[in-house]
Amino acid sequence: MKKTSRRDFLKLAGATGAGLLACGAGNALANEGLQVNNDELGMLYDATKCVGCKACMSACKRVNSDYGSLSYEKAKFDEDGLWDAPSDLSGSTRTLIKLFKESEKRWSYVKYSCMHCQKPSCVSVCPVSAMTKEKVSGIVDYNKNTCIGCRYCQIACPYNIPKFQWEKAVPQIVKCDLCKATNLREKGITACAETCPAGAIKFGKRKDLLEEAHQRLKDAPDKYVAHVYGEHEGGGTNHLYLASMPFNKLGLPEIKPEAPAEFSEKIQHTIYKGFIAPVALYSTLCFIAVKNMKKHQGHDDDHQKGGK
Amino acid sequence: MGHSEEYKKLEGKIFTKSFFILLSVVLLGFYFVGVRYVKGIGAVSNMSDGYPWGIWITYDVATGTAIACGGYAVAILVYIRNRMQYHPMIRSAILTSMFGYGLAGFSVMVDLGRPWNAYNFFIPSKWQANSAMFEVALCVMAYSTVLILEFLPAILTSIEKSKWDRMNAIRNWLHPKIAPDKKTMEDKLEMVRLGAAWLNPRLNKVLIFFIVLGITLPTMHQSSLGSLLLIASTKLHPLWHTGFLPLLFLLNCVFIGYSIAILESIISSYSFKRPFEIEELSGLAGLIPFVTVIWLTVVIGDLAHRNQISAALKGDFYSGWFMTEFLLVACGSLILFVKKARKSARWLFISASMIVLGGALYRFNVYLIGFNPGQGWKYFPSFAEVMITVGIVALEILGYKVFVALFPVLPNMDLHGAHKKKGHAKKHKGSEADKTLPAGEAHAH
């Protein structure tokens, strides 16, 4: 009995395992390939031009506070509540200027906000389609009326961008939507790009921004790190960066050119393609179980007859 | 299935001292749940934008459902591998699964920021099949329903045989003015009884298709629980981030399932002062090493393939947790290779505990410990957060204790004894000191 059970068991485990191994290996069979759409809207932030005035931050809150239910964050030292002093992106701040200081002479500002990925992880993981990517504009948008608040988008985003309103009984996810329902609709430009007095934020189509970025790199190679951040990171983003310092020092993570969502979706799709595997599994198991039941019932009857 | 005599209600009182201790823990937990709904999740938890998933997801959902896989693991054994001798264990395994999954679902509703939107899971236009969580959510909801159906025969049998003593006691206790008329009440209860008697055999006929569904669904969602973290390629430590996550989670829940079935049986035998079901347990225990060996092989093979062996042996924070998880499972399995250990309740208990701990730690490593969203983010659960989880676990134990007293769940040991040599079973029932039953023949089936 021992031997048979061992063999049966290994058979079962082997069959399940082999099926999953094929997907685990993540072969290129199911790779649909990522199409980069350079006609999508985006922004180019040039850290060398930024003067750190934070006008973009207050413009963002002024324009979007009602729509995005953003509140102003009080600084700890400020009892009268005069100062908006966020230290990071949060449930009340969609964009933020930070200063990175390596030494007295070497420093750089950096702007954080949603990167508007070509293949956004947050959209890929949202179970109820509350995160969406608009087909034409490429804006990664959020719908609070659909969101269940599972925060999987936060786990998935490699840039740590979506934020959650932890202190509210009726919370929502907060992230940049390129002023989609506010400034962009009214004036055709995001509030931060419109406000920036130093010309550090340029708004436009991705292809124009990329061209502009490479032109700037060509014109002043000494001034910049020779890389446009976001051109290839994680499958490409519509928010692009130029800077004079290595980007990982500015808090922008190093990300491979393959979008994380490509990797996970490939595996998930292989397992659930056409729902064939689960249905096959169910029918096979049903067949075995019913056969076993019949065998067993026969046994039972024999027993009873023998007993009587 | 005609197995109703296999099971028996547990005799004894429901309202014991431990009942009230558990109840107070549950109430404390629920107080914090109340606070969470009034003041927001931030008021009770230490979760942050860097660690948006805390122990509610890591323990209650990801680990708790694995621990609740006893029903799944035993069902595979009984119905797929045709080992009917384990049939007496299945009801208690299913009962624990039912509570485990039900309360995992409950804690998800505590964790969700906007639970009132959860109905979107049932609206096809909102479905997002790319999301592993979508798959997990639908499967877990379906499986919880299946578990209730699988347990229903126990409730129906109990209703069928009920003399309604408690109902009558409540009626007598009520003031005569508000108490329902005795005759009407009896008629209505008789209707319920007849209904149950009508439904029970019909349910039994189709039950096997639900049982198989109850094997398919966990296979799907337990692997998807691993898929959930596939996307976090930049945040999850390379020791754990691999394309094999779905397979590893599936194997992991199977060996946790068998181990927990052993633990649960030993603990309930011990605390309800029933004889240990050593024969069934040692058979179960013999299976575990085969699953763990596959799991351990995949883990090592995958690490070697990705050139991460050195990271595992580095001796830093992550490698420490990895080694702990790995060694707990490996050493626990090693014990089970020894035939003598498989026949001893003590060694079974020790090895099964090690495997459950190691397997659970694997899930913690994937969801929390190996998860690093970047510099500056830290997470350690708050007191309130822990108390909510503890309250939920207490509710599971409480529910289990009440259910085994109300419904025929535990194996009927008298019948068991009759299968074996009668004298043996009787002798060992009395002697509590002797924790091991003699190794008898396999069951007559």
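Within segment B:17-70, the set of residues being assigned to a helix (DSSP H, G or I) and of a type in the set (Asp, Glu) comprises B:60 only.
The conditions of being aromatic (Phe, Trp, Tyr), at pLDDT 65 or above and not in a loop (DSSP other than H, G, I, E, B) are not met by residue B:380. For segment B:62-76, the set of residues classified as open to solvent by 10 Å² or more (accessible area, probe 1.4 Å) and under 11 Å from the mean Cα position of the chain (by Cα) consists of B:64, B:67, listed by residue number. The requirement of being away from every other protein chain (no Cβ under 14 Å) and under 29 Å from residue B:115 (Cα atoms) is fulfilled nowhere in segment B:1-20; no residue meets it. In this entry, residue B:380 passes the filter for residues that are of a type in the set (Phe, Trp, Tyr) and out of contact with any Ser or Thr (no Cβ under 9 Å at 6 or more places or on another chain).
Scanning segment A:52-106 for residues that are crowded, with 16+ Cβ neighbours inside 10 Å, of a type in the set (A, V, I, L, M, F, W, C), outside any loop (DSSP other than H, G, I, E, B) and within 14 Å of another protein chain (Cβ to nearest Cβ) returns a single hit, A:96. Of all residues in segment B:1-36, those satisfying the criterion of being open to solvent by 90 Å² or more (accessible area, probe 1.4 Å) and modelled with pLDDT of 90 or more are B:20, B:21, B:27, B:31. Exactly one residue out of B:290, B:272 is among the aromatic types (Phe, Trp, Tyr), open to solvent by 10 Å² or more (accessible area, probe 1.4 Å), over 15 Å from residue B:325 (Cβ atoms) and within 14 Å of chain A (Cβ to nearest Cβ), and it is B:290.
Residues that are open to solvent by 80 Å² or more (accessible area, probe 1.4 Å) and among the hydrophobic types (A, V, I, L, M, F, W, C) were ranked within segment B:159-183; the one that is nearest to residue B:403 (Cα to Cα) is B:167. Going by the structure shown, is residue B:356 buried (at least 22 other Cβ atoms within 10 Å of the Cβ), over 15 Å from the mean Cα position of the chain (by Cα) and at pLDDT 95 or above? Spelling it out, it is not the case that residue B:356 is buried (at least 22 other Cβ atoms within 10 Å of the Cβ), over 15 Å from the mean Cα position of the chain (by Cα) and at pLDDT 95 or above.
Rundown of residues vs (1) in contact with a Phe, Trp or Tyr (Cβ under 7 Å, 6 or more places away or on another chain); (2) of a type outside the set (A, V, I, L, M, F, W, C); (3) closer than 30 Å to residue B:220 by Cα, yes/no style:
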| site | (1), (2), (3) |
| --- | --- |
| A:205 | no, yes, no |
| A:212 | no, yes, no |
| A:247 | yes, no, no |
| A:265 | no, yes, yes |
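Report yes if residue B:132 is more than 14 Å from chain A (Cβ to nearest Cβ), touching a Pro at 6+ places or on another chain (Cβ under 9 Å) and buried (at least 16 other Cβ atoms within 10 Å of the Cβ), otherwise no. When the stated conditions are applied, residue B:132 does not pass them. Taken residue by residue, segment A:161-168 has no member that is more than 14 Å from every other protein chain (Cβ to nearest Cβ) and surrounded by fewer than 21 Cβ atoms within 10 Å (Cβ to Cβ). Of B:143, B:119, all but one fail to be part of a helix (DSSP H, G or I), within 14 Å of chain A (Cβ to nearest Cβ) and open to solvent by 40 Å² or more (accessible area, probe 1.4 Å); the exception is B:119. The residues of segment B:130-154 that are within 18 Å of residue A:260 (Cβ to Cβ) and small (Gly, Ala, Ser), listed by number, are B:131, B:132.
If we keep just the residues of segment A:271-288 that are β-branched (Val, Ile, Thr) and at the interface with another protein chain (Cβ under 8 Å from one of its Cβ atoms), which is least open to solvent (accessible area, probe 1.4 Å)? The extreme case among them is A:271. Scanning segment A:189-219 for residues that are in contact with a helix residue (DSSP H, G or I) (Cβ under 8 Å, 6 or more places away or on another chain) and in a loop (DSSP other than H, G, I, E, B) yields a count of 4. From the list A:207, A:218, A:223, A:249, the one residue that fits, being surrounded by fewer than 16 Cβ atoms within 10 Å (Cβ to Cβ) and either within 14 Å of chain B (Cβ to nearest Cβ) or within 26 Å of residue B:228 (Cβ to Cβ) (or both), is A:249. Just give me the residues in segment A:252-270 being in a helix (DSSP H, G or I) and more than 7 Å from chain B (Cβ to nearest Cβ), in sequence order. Selection gives A:262, A:266, A:269, A:270. If you check B:298, B:329 for being touching a residue at least 24 places away in the same chain (Cβ under 8 Å), touching a Phe, Trp or Tyr at 6+ places or on another chain (Cβ under 8 Å), hydrophobic (A, V, I, L, M, F, W, C) and more than 25 Å from residue B:281 (Cβ to Cβ), only one passes: B:298. With respect to the conditions (1) of a type in the set (Val, Ile, Thr); (2) more than 14 Å from chain B (Cβ to nearest Cβ); (3) surrounded by fewer than 20 Cβ atoms within 10 Å (Cβ to Cβ); (4) within 24 Å of residue B:49 (Cα to Cα), residue A:189 lacks only one, and its number is (4). Considering only segment B:208-240, state which residues are hydroxyl-bearing (Ser, Thr, Tyr) and either out of contact with any Asp or Glu (no Cβ under 8 Å at 6 or more places or on another chain) or facing chain A (nearest Cβ under 7 Å) (or both). Answer for segment B:208-240, where residues must be hydroxyl-bearing (Ser, Thr, Tyr) and either out of contact with any Asp or Glu (no Cβ under 8 Å at 6 or more places or on another chain) or facing chain A (nearest Cβ under 7 Å) (or both): B:216, B:219, B:223, B:227, B:233, B:234. Within the span defined as segment A:102-124, every residue fails to be without any contact (Cβ under 8 Å) to a residue 12 or more places away in the chain, farther than 23 Å from residue A:46 by Cα and aliphatic (A, V, I, L, M). Hey, does segment A:118-130 have a residue that's within 13 Å of chain B (Cβ to nearest Cβ), surrounded by fewer than 19 Cβ atoms within 10 Å (Cβ to Cβ) and of a type in the set (A, V, I, L, M)? No, that holds for no residue. Checked against (1) more than 8 Å from chain A (Cβ to nearest Cβ); (2) open to solvent by 20 Å² or more (accessible area, probe 1.4 Å); (3) touching an Asp or Glu at 6+ places or on another chain (Cβ under 8 Å), residue B:43 meets all criteria but (1).
The values are calculated or read from the model by the stated rules, or taken from the named source; none is laboratory data. Values in this document were obtained by computation on a predicted structure and should not be read as measured data. Because the Cβ atoms are built from the backbone with ideal geometry, glycine has one as well, and the counts that use them run over all protein chains shown. Remember, those area values only see protein heavy atoms, side chains included, never the ligands or the DNA or RNA. Shrake-Rupley method; radii C 1.70, N 1.55, O 1.52, S 1.80 Å.
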